[in-house]
Amino acid sequence: MSTSRILTLNEVIIQKQSAFPYAKGELSRLLSHIGLAAKIVNNKVNKAGLETSIIGANDLVNIQGEAQQKLDAYADDIFTKALQASGIVCGIASEENDEIIIFDDDLSLDGDYVICIDPLDGSSNIDVNVSVGTIFSVYRRISPHGQKVTNEDFLQPGIKQVAAGYIIYGSSTMLVYTTGLGTTGFTYDPSIGEFCMSHYYMVTPKSGKIYSINEGNYVNFPQGVKQYIKHCQENDADTNRPYTSRYIGSLVADFHRNLLKGGIYIYPKTASAPNGKLRLLYECNPIAFLAEQAGGLATDGYGNRILEIKPTDIHQRVSFFTGSRNMVEKAEEFMRECTDEKSK
Ligand code: AHG
Ligand code: MN
Ligand code: MN
């Protein structure tokens, strides 16, 4: 007889915890707090068309020089409070704050973890009812317990992540996370107010048919990217091309679709974004961890694994290629060939 009992996020977190022999349950508690903040933000996102207090811009500009949306600030506030309330986080690095936020109450000073977070990803899509997300990354602190965290705690390479995940506020809301034991997805059931396990062990197809890139920037793309796009667009019965172009403009939503269906997401360097646009700490590293845990790849397009890059700045940007293994490898091949061409 098959049992189809629904497992909630908290139940699965506790079950998986037993896989870590020395776990004190802290990481589980932390993920529960993230789940709680996600529900609060989800509730607001769902009302975005109704509440004028949360649509539109703030008249503020964040450290990236980008207009801050009201919901960016709201989500930042909710996640910050939830993380501090967990009592096990000693500080956070957020897209919405120039400097790291140090939690200096007695409990938090002793906390084990630091968090990097993009509280609301794809925020330019809020006002037009298109999917947005939250991306987070969890590290163990390296500074001594009891002291204030420093930038060094956050400038760890992505391979040091102990957990990472995203929430997609889409046609349904999902929370997808990894602690290095595969990528697991939960769908929010609003009738019971719980994230319920819907995707136990997510495996991304080795090859896909979708390429996702903002082609409006085409003339400013590196030659290798242009050649790869041409490759995607060519008719080839053997390799099932042309591929399909899909681009939402919310990294979380574009990545989530490609994770399930197979595809590649590229945000390369461009003339206006000479280091790429996406941020290493709270966009690329967590997504890279999830991609690898699902059998995919994440590189900078120049042969470097994202998770091995040693960050030097909290808000550092990086060029980003992620998705199905064969597609990322193919794109890397074009990038190599074009760099080689130039250097001849
Ligand atoms: P954010 O809203 O957190 O600033 O992130 C926006 C990012 C990412 O979600 C998306 O993939 C990318 O910016 C879209 O950029 P373009 O509009 O340049 O394509
Ligand atoms: Mn973002
Ligand atoms: Mn954001």
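The values are calculated or read from the model by the stated rules, or taken from the named source; none is laboratory data. Predicted model, so just to flag it, every value in this text is computed and none were measured. Cβ sites come from the backbone with ideal geometry, for glycine too, and all protein chains shown count toward neighbours. For accessibility, only protein heavy atoms count, side chains too; no ligands or nucleic acids. Shrake-Rupley method; radii C 1.70, N 1.55, O 1.52, S 1.80 Å.
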Of all residues being hydroxyl-bearing (Ser, Thr, Tyr) and open to solvent by 10 Å² or more (accessible area, probe 1.4 Å) in segment 123-142, which is farthest from the chain's Cα centre (by Cα)? Just the residue, please. Ser124
Whichever residue in segment 45-96 is on the phi > 0 side of the Ramachandran plot and part of a loop (DSSP other than H, G, I, E, B) and, among such residues, is modelled with the lowest pLDDT: Gly65
Taking the options Ser32, Ser28, name whichever one is within 21 Å of the chain's Cα centre (by Cα), part of a helix (DSSP H, G or I) and at pLDDT 90 or above. Ser32
Of all residues in segment 97-122, which are open to solvent by 20 Å² or more (accessible area, probe 1.4 Å), in contact with a strand residue (DSSP E or B) (Cβ under 8 Å, 6 or more places away or on another chain) and either assigned to a strand (DSSP E or B) or within 15 Å of Asp72 (Cα to Cα) (or both)? Ile101, Ile102
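In the set Leu280, Leu260, which member is under 30 Å from Ser198 (Cβ atoms) and within 15 Å of ligand 2 (Cβ to nearest atom)?
Leu280
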All-but-one check, Leu71 against (1) closer than 20 Å to Thr173 by Cα; (2) within 12 Å of ligand 2 (Cβ to nearest atom); (3) buried (at least 24 other Cβ atoms within 10 Å of the Cβ), failing number (2)
Name every residue in segment 213-232 that is over 25 Å from the mean Cα position of the chain (by Cα) and loosely packed, with under 13 Cβ neighbours inside 10 Å, in order of residue number. Val219, Lys230
Could you check how many residues of segment 242-274 are modelled with pLDDT of 95 or more, surrounded by fewer than 20 Cβ atoms within 10 Å (Cβ to Cβ) and either in contact with a helix residue (DSSP H, G or I) (Cβ under 7 Å, 6 or more places away or on another chain) or of a type in the set (S, T, N, Q) (or both)? 7
Any idea which of (1) open to solvent by 30 Å² or more (accessible area, probe 1.4 Å); (2) within 27 Å of Lys47 (Cα to Cα) is the one Tyr177 doesn't satisfy? (1)
Assuming Ile115 fulfils every condition listed in (1) away from ligand 2 (no atom under 16 Å from the Cβ); (2) at pLDDT 95 or above; (3) of a type outside the set (Ser, Thr, Tyr) apart from one, which condition is it? (1)
Options Glu308, Glu292: the member that is open to solvent by 60 Å² or more (accessible area, probe 1.4 Å), out of contact with any strand residue (DSSP E or B) (no Cβ under 6 Å at 6 or more places or on another chain) and among the acidic types (Asp, Glu): Glu308
If you take the residues in segment 123-139 that are within 14 Å of ligand 3 (Cβ to nearest atom) and assigned to a strand (DSSP E or B), which one is farthest from Gln156 (Cα to Cα)? Val132
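Kindly establish whether Leu155 is in contact (Cβ under 8 Å) with a residue 40 or more places away in the chain and away from ligand 2 (no atom under 16 Å from the Cβ). Even if it seems obvious, please write down each step before you answer.
Values: in contact (Cβ under 8 Å) with a residue 40 or more places away in the chain: yes; away from ligand 2 (no atom under 16 Å from the Cβ): yes.
Yes.
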